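The block underneath contains the structure these notes are about, expressed in structure tokens.
Bear in mind that the values in this text are calculations on the coordinates, not laboratory data. Values in this document were obtained by computation on a predicted structure and should not be read as measured data.
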Amino acid sequence: MLVDNRDTLNVAYDWWWWTDSHSTELLLIIVNIGAGGFLLELNGFKPHPNIFTYVLAAWMFCTTLYVWMSRSQRIKRNKDRFEQSMRGDLDHAISTSAYQVRLSRIMRWNIVPIGLLTLLCVWEGGKSVWLAGGTLLFFGVTYYASGFEHRFYKRRKRELQMLQKNLEKEG
């Protein structure tokens with residue numbers, strides 16, 4: 001039984017290391033800065049700039065700021081919080097997993113204002129109804145697909161919590 005728990009703890013530790021690498025946060029920061037900057041640049045060269053494009057770019061920059069501040073607070077809060085042991089690593093993995101679940105839920109709901117602002121950009125630009133419909137369909141599918149990611153993170157968190165309970169029963 002001890003070997004099984006060690007193997008499971010190694011899996012938990014690998015999960016902690018992967019999520020603690022902040023890949024999701026860094027990706028969100030880079031993508032939002034890039035997309036917001038691109039929108040500002042693109043809109044700046046138009047003879048008649050679209051106000052909703054500026055609002056969308058501002059929203060993306062605010063999202064970047066939120067993710068960056070949330071990341072900084074999480075790192076400060078977790079510094080020296082967990083003991084240097086397998087149980088401490090498991091506690092850290094659960095904490096990181098809980099944060100990942102929260103972040104994925106927030107970013108899933110972030111699709112809604114980005115989609116609405118994009119639709120307003122399309123509408124303000126006088127584009128066809130088909131483009132607006134395609135844009136709406138794209139964001140609907142994106143919202144639906146993000147549910148799979150969110151459920152994946154929730155399932156991993158639940159697995160780590162069950163592992164912790166099993167270890168507490170044995171220990």
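Figures for the structure shown
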{"item": "Segment 105-120 - phi-based ³J(HN,Hα) in whole Hz, Karplus 6.51/-1.76/1.60, Gly and Pro as x", "result": "5, 5, 5, 5, 6, 5, 4, 5, x, 5, x, 5, 5, 5, 4, 5"}
{"item": "Amide hydrogen neighbours beyond the local backbone of residue 82, cut-off 5 Å, H modeled", "result": "none"}
{"item": "Vicinal HN-Hα couplings computed from phi for segment 154-159 (Karplus, 6.51 cos²θ - 1.76 cosθ + 1.60; Hz; Gly/Pro x)", "result": "5, 5, 5, 5, 4, 4"}
{"item": "Equivalent ellipsoid semi-axes, the chain, via Cα gyration tensor eigenvalues times 5, rooted, Å", "result": "41, 18, 10"}
{"item": "Helix-only mean residue ellipticity at 222 nm for the chain, each DSSP H run of n ≥ 4 adding -39500 (n - 2.57), per residue, nearest 500", "result": "-31500 deg cm²/dmol"}
{"item": "Relative contact order [Cα under 8 Å, 6+ residues apart], the chain, whole percent", "result": "28 percent"}
{"item": "Integer Hz, Karplus 6.51/-1.76/1.60 couplings in order for segment 139-152, x for Gly and Pro", "result": "6, x, 5, 4, 4, 4, 5, 5, x, 5, 4, 4, 5, 4"}
{"item": "Tensor-based shape of segment 93-171 (alpha-carbon gyration tensor, a/c under 1.5 rounded, otherwise prolate or oblate)", "result": "prolate"}
